[in-house]
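The values are calculated or read from the model by the stated rules, or taken from the named source; none is laboratory data. This structure is a prediction, so every number in the text was calculated from the model and none was measured. Don't worry about glycine lacking a Cβ; one is built from the backbone with ideal geometry, like all the others, and counts go over all protein chains shown. Keep in mind that these areas ignore ligands, DNA and RNA; they rest on the heavy atoms of the full protein, side chains included. Shrake-Rupley method; radii C 1.70, N 1.55, O 1.52, S 1.80 Å.
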Amino acid sequence: MAVWDDLVGQTKVEEQLAAAARDADALVTAHAAREPAPEASKMTHAWLFTGPPGSGRATAARAFAAALQCVSPDRALGGAPGCGFCDGCHTTLVGTHADVEIVRTDLLSIGVKETRDLVRRAQLSPAGGRWQVIVLEDADRLTEGAGNVLLKAVEEPAPRTVWLLCAPSLEDVLPTIRSRCRHLTLRTPPVEAVADVLVRRDGIDPETAQAAARATQGHIDRARRLATDERARARRSVVLKLPLRVDDVGGCLKAAQELVDAAAEDAKQVAEEIDVKETEELKAALGAAQGGRMPRGTAGAMKELEERQKRRRTRTQRDSLDLALTDLTGFYRDVLALQLRSRSALANTDVRDALERIARDTTPERTLRRIEAVLACREALDRNVAPLLAVEAMTMALRG
Ligand SMILES: [Zn+2]
């Protein structure tokens, strides 16, 4: 299984990355043999992967990182790097390769300090003699200060350093940075391709896979979660009932409260899973005595961790709400498709009755205004409006 097999519906990107990996390999080989570097290489030091959520930006970046580290003996026989089996490929894909740093954040932003540490790390020569690869999965979350720190590193990279940045769109990255990156765009994979991968790789039965792929409109991670996680299915079905519940003011307020509570509950669950362990680990690392007494001078570090955990809870809650809003938008898109007699396939066929009822009782204009209300709620949340206020405004606008 080659490293590219994890990419779904991205033939063009795959071809470009495979060609670059081949040239990168030629560079390493020429250097080792003290030969001059080949000319016209497709390899470069900074790459930017963009594409809608779920298109597999990070997966593409990781596959490329693996191909760059591929040490398969088949390469010498003309095989392409990225075999998926050799030590280089394997350790990169499981996240233990010494020369590959994968940065993924559950926080809202990546600050200057973290970025400085990364840049320092990027200067190191690769221990394995190939490439020092830094995968920044959330380059859109760099603060402006952090972006400027990164810019210097991207402008003057060490000879064997490769930066792989991922972001939803070009606009999410500082212009100065993106102009120095080679840009690759991933597309939303077709529903069929997502269903296929769920069956093939995750062993999900074809019917469930098809339903999950359709409901999430080609978002691989969400489709996988929906197909495997009972809780995710329950949450989605509650959200899809909301349009039938917003008949009067009381119903609107109640539905809003429930949506926000559910998101808070998600955040709490994640926190319970991670925070306690993290806190214990830090305490142990700082040398806590028996009974939990902390040595002098460690209060600052503990406080920093608490702050981090608080920011993470906020982010989890926001992500959970965002997911609900995505489902809701999909619902009204389907209503609109029915009203306009569009031929496109419905995403939410499991609630077809509700879709048809609302389509029959309202107008396309009304549906468009409802979609706008959901989008306005998302924007309000992005601007840090209190979640309950934003969601109440939305449910009221969805009414009757
Ligand atoms: Zn390999």
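Side notes on the structure shown:
- Once the range 28-37 is narrowed to residues that are part of a helix (DSSP H, G or I) and either at pLDDT 95 or above or open to solvent by 40 Å² or more (accessible area, probe 1.4 Å) (or both), the residue that is nearest to Ala58 (Cα to Cα) is Thr29.
- The listed residues are Ala373, Ala390, Ala386, and the only one of them that is open to solvent by less than 30 Å² (accessible area, probe 1.4 Å), over 20 Å from the mean Cα position of the chain (by Cα) and free of Cβ contacts under 8 Å to residues at least 24 places away in the same chain turns out to be Ala390.
- Leading residue by the ranking (farthest from the chain's Cα centre (by Cα)) among those in the range 152-174 that are within 17 Å of Phe49 (Cβ to Cβ) and open to solvent by 20 Å² or more (accessible area, probe 1.4 Å): Leu174
For every residue, the table says whether it meets (1) at pLDDT 95 or above; (2) on the phi > 0 side of the Ramachandran plot; (3) out of contact with any Leu (no Cβ under 7 Å at 6 or more places or on another chain); (4) open to solvent by 30 Å² or more (accessible area, probe 1.4 Å).
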site	(1), (2), (3), (4)
Lys310	no, no, yes, yes
Arg318	no, no, no, yes
Thr326	no, no, yes, yes
Gly330	no, no, yes, no
Arg341	no, yes, yes, yes
Val351	no, no, no, yes
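- Restricting Thr96, Thr92 to those that are outside the structural domain of Arg312 (by TED's automatic domain parsing) and more than 11 Å from the ligand (Cβ to nearest atom) reduces the list to Thr96.
- So Thr50, is it of a type in the set (Ser, Thr, Tyr), within 16 Å of the ligand (Cβ to nearest atom) and either open to solvent by less than 10 Å² (accessible area, probe 1.4 Å) or in the same structural domain as Val133 (by TED's automatic domain parsing) (or both): no
- Residue within the range 208-219 that is under 18 Å from the mean Cα position of the chain (by Cα), of a type outside the set (A, V, I, L, M) and at positive phi present: yes
- Options Asp117, Asp6, Asp74; residue that is of a type in the set (Asp, Glu), open to solvent by less than 50 Å² (accessible area, probe 1.4 Å) and either within 16 Å of the ligand (Cβ to nearest atom) or farther than 30 Å from Asp266 by Cα (or both): Asp6
- Residue count for the range 210-220, restricted to those that are open to solvent by less than 50 Å² (accessible area, probe 1.4 Å) and under 19 Å from Arg235 (Cβ atoms): 7
- For the range 77-92, a residue qualifies if it is surrounded by fewer than 20 Cβ atoms within 10 Å (Cβ to Cβ) and either among the polar types (S, T, N, Q) or in a loop (DSSP other than H, G, I, E, B) (or both), and the qualifying residues are Gly78, Gly79, Ala80, Gly84, Phe85, Cys86, Thr91.
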